[in-house]
Amino acid sequence: MNAKKIEKEEIVNLHFLPADVLENTEHRTARNQKLVNGALLGNTEKKKCRIIFHAKEGDTYVETTIWAVTDKYICLKGGMYLLVACIIDVIL
């Protein structure tokens, strides 16, 4: 995958589609588990993870700390939010 690295502060400049990038329920469940694990690592060990996601501008990734996970969004370090449906993968 040829994803472009950006800083988390640049997320606000991107445009996202509401449809989930993962069609398979098993992949969505695995993504959610990785997000929860990433938040646990972020809150207990201040560990960063790589979040690969799809925007209208193309596939992109950030390396940052996940602070919180909800059904629709994740909260990243610095108060940035990212739509869960656009996340392709999380590398812990």
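Taken together, the values in this text are just the output of simple stated rules run on the coordinates, not laboratory data. Just so it is clear, the structure is predicted and the values come from calculations on it, not from any experiment. Neighbour counts run over all protein chains shown; Cβ positions are idealised from the backbone, glycine included.
With the condition kept exactly as written, say whether any residue in segment 23-42 is in contact with a Ser or Thr (Cβ under 7 Å, 6 or more places away or on another chain) and either closer than 23 Å to residue 4 by Cβ or buried (at least 19 other Cβ atoms within 10 Å of the Cβ) (or both). Scanning segment 23-42 turns up at least one residue that is in contact with a Ser or Thr (Cβ under 7 Å, 6 or more places away or on another chain) and either closer than 23 Å to residue 4 by Cβ or buried (at least 19 other Cβ atoms within 10 Å of the Cβ) (or both). Contact annotation: residue pairs with Cβ atoms under 8 Å, 6 or more positions apart or on different chains, pairing a residue in segment 19-46 that is of a type in the set (A, V, I, L, M, F, W, C) with a partner that is loosely packed, with under 15 Cβ neighbours inside 10 Å and not in a helix (DSSP H, G or I), are 39/68; 41/47; 41/92. When residue 18 is tested against the conditions (1) surrounded by 15 or more Cβ atoms within 10 Å (Cβ to Cβ); (2) more than 17 Å from residue 79 (Cβ to Cβ); (3) touching a helix residue (DSSP H, G or I) at 6+ places or on another chain (Cβ under 7 Å); (4) not acidic (Asp, Glu), the lone failure is (1). In segment 1-78, counting only strands (runs of 3 or more DSSP E) that sit wholly within it, the ones holding 1 or more residues that are more than 12 Å from the chain's Cα centre (by Cα) span 58-64. Scanning segment 43-75 for residues that are under 19 Å from residue 2 (Cβ atoms) and loosely packed, with under 14 Cβ neighbours inside 10 Å gives 56, 57, 58, 63. Taken over segment 1-18, the residue count meeting the criterion of being more than 13 Å from residue 63 (Cα to Cα) and in contact (Cβ under 8 Å) with a residue 12 or more places away in the chain is 8. Would you check which residues across segment 1-35 are over 11 Å from residue 53 (Cβ atoms) and touching a Leu at 6+ places or on another chain (Cβ under 7 Å) and list them? Hits for segment 1-35 are 8, 28, 34.
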